[in-house]
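Input: a single structure, listed below in structure tokens.
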Amino acid sequence: MKIKRVGVVGCGLMGSGIAEVCARSDYEVVVSEANDELLAKGLSLINSSLAKGVERGKVTLEGKSAAISRIRGTTDIKDFSSCDLVIEAVTEDMSVKKKVFAELDKVCPKYAVLASNTSCLSIIDMAMVTSKPDKVLGLHFSNPVPIIRGLEIVKAITTSDETLNIAITFGKSLGKEIAIAPDIPGFITNRLLIPYLLNAIRLVESGYATKEDIDKQIVTSLNHPMGPITLADLLGLDTIHFVASSMYEELKVPELAPPPLLRRMVSARWLGRKTGKGFYEY
Ligand SMILES: NC(=O)c1ccc[n+]([C@@H]2O[C@H](COP(=O)([O-])OP(=O)(O)OC[C@H]3O[C@@H](n4cnc5c(N)ncnc54)[C@H](O)[C@@H]3O)[C@@H](O)[C@H]2O)c1
């Protein structure tokens with residue numbers, strides 16, 4: 001099956017980026033939000049990201065207008081009825097995602113592939129609320145979607161090889177590097193990243209090392225672009241706490257248990273860059 005029209009459910013941080021990269025790769029895009037106000041906000045995120053692309057010389061002015069002309073916003077899920085692929089990028093909450101998949105199952109063509117951009121929730125649980133679990137998989141993009149090269153494709157135990165191959169071809173057409181991940185909590189990326197970040201937080205919590213020394217060591221000796229404490233602040237401490245807790249709930253391994261300091265910082269709304277204070281002040 002050749003994908004021509006892509007649907008994106010949710011036009012927040014990730015959905016707006018996914019809609020943008022699809023439109024820039026010549027797909028017709030339908031993107032939805034919960035209401036008109038959020039839709040206007042989401043579409044303006046796409047517009048300003050494309051404008052930044054123009055400033056950086058990554059997108060031409062004509063390319064920006066062409067991409068925008070290929071994107072149609074909606075608040076009505078029925079507008080996904082002519083999409084060949086729909087990517088769900090709504091809030092990380094299984095009950096919200098299941099509702100979206102059940103609705104998509106009703107309105108989309110029988111042949112359409114349905115994908116989730118979830119960071120850690122199980123794909124099989126979303127697939128099983130549809131009538132075609134073989135056509136459901138994970139397309140885990142990373143933020144910022146227009147810049148990050150990698151795309152993790154998550155194969156549930158029910159995903160057919162045909163669906164997987166359609167997704168691989170699609171991902172490559174966006175210019176992404178593909179890795180195939182299993183439908184385990186956190187897939188590949190977060191199964192490795194979350195213990196790393198939690199261990200760095202535990203080092204700070206125990207007083208064994210300062211946040212500055214941890215970050216400096218990782219940047220200067222491992223050549224990472226930033227250290228784990230800076231990265232935690234950037235990703236958002238609430239997000240890290242949520243992802244770690246949800247992975248811990250299923251796997252029950254101590255390395256995934258959120259450290260008490262992290263939980264307290266989340267309670268205090270010290271969430272990192274987005275609230276102006278996390279481990280560092282912004
Ligand atoms: N933020 C990241 O770095 C990141 C990275 C990879 C994956 N993800 C995953 O991507 C998904 C979205 O995350 P985000 O950071 O973009 O969140 P976000 O809060 O910025 O965006 C989610 C959007 O979904 C909208 N929404 C909720 N219910 C909806 C519905 N029924 N129909 C249409 N829109 C609806 C919300 O209004 C919101 O704008 C989550 O599953 C998250 O785990 C996030």
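What follows is calculated from the coordinates using simple rules that are stated; it is not laboratory data. Computed from a predicted structure; not experimentally measured. Cβ coordinates were reconstructed from backbone atoms using ideal geometry, including for glycine residues, and neighbour counts include every protein chain displayed.
For helix 13-24, report the angle its Cα long axis makes with the longest principal axis of the Cα atoms of the chain; keep it between 0 and 90° and round to the nearest 10°. Tilt relative to the chain: about 40 degrees. Bridges between two residues of region 5-182, per DSSP, are antiparallel at a rate of about 15%.
Put a plus charge on the Cβ of each Lys and Arg, a minus charge on the Cβ of each Asp and Glu, and nothing anywhere else: the dipole of region 81-147 about its Cα centre is then about 160 debye.
Within the shell defined by Cβ-Cβ distances under 10 Å, the residues around LEU85 carry a net charge of +2, with Lys and Arg each +1 and Asp and Glu each -1. Mean projected area of the convex hull spanned by the Cα atoms of the chain, taken over all viewing directions: 15.0 nm².
For the cross-link pairs LYS58/LYS176; LYS64/LYS274; LYS216/LYS252; LYS64/LYS135; LYS78/LYS106, the ones whose C-alpha atoms lie over 20 Å apart are LYS64/LYS274; LYS216/LYS252; LYS64/LYS135. Under the combined filter of DSSP loop state and at most 14 neighbouring Cβ atoms within 10 Å, region 166-255 retains these chymotrypsin sites (Phe, Trp or Tyr not before Pro): TYR208.
Summing Cβ point charges (Lys, Arg +1; Asp, Glu -1) relative to the Cα centre of region 5-182 gives a dipole of roughly 300 debye. Distances between placed amide hydrogens fall under 5 Å for VAL8 paired with VAL30, VAL31, SER32, ILE87, all partners being 5 or more residues away or on another chain. Between GLY227, GLY73, GLY17, find the one with the highest GNM mean-square fluctuation for the chain; connect C-alpha pairs within less than 10 Å. Among GLY227, GLY73, GLY17, the largest mean-square fluctuation in the Gaussian network model of the chain belongs to GLY227. Put simply, when 149-160, 108-119 are sorted by average Cβ atoms within 10 angstrom per residue, most first, you get 108-119, 149-160. Charge tally for CYS108 (other residues, Cβ to Cβ under 13 Å; Lys, Arg +1; Asp, Glu -1): +1. Shown in residue order for region 77-94 are the 3J(HN,Hα) couplings computed by the Karplus curve 6.51 cos²θ - 1.76 cosθ + 1.60 at θ = phi - 60°: 4, 5, 5, 8, 5, 10, 8, 8, 9, 10, 10, 8, 9, 8, 3, 6, 8, 4 Hz (x for Gly and Pro). Karplus-derived 3J(HN,Hα) values for region 179-195, using 6.51 cos²θ - 1.76 cosθ + 1.60 with θ = phi - 60°, are 10, 9, 10, x, 7, 10, x, x, 6, 8, 4, 7, 5, 9, 5, 4, x Hz; glycine and proline are entered as x. Taking amide hydrogens as modeled 1.01 Å from N in the peptide plane, which residues meet the under 5 Å criterion relative to LEU139, leaving out close sequence neighbours? Those qualifying (amide H under 5 Å, at least 5 residues apart or on another chain) are SER116, ASN117, THR118, VAL154.
Could you work out the local net charge near LEU262, counting Lys and Arg as +1, Asp and Glu as -1, over the other residues with Cβ closer than 15 Å to its Cβ? In short, +2.
The sum of -39500 (n - 2.57) across all DSSP H runs of n ≥ 4, divided by the residue count of the chain, sets its helix-only mean residue ellipticity at 222 nm to -15000 deg cm²/dmol.
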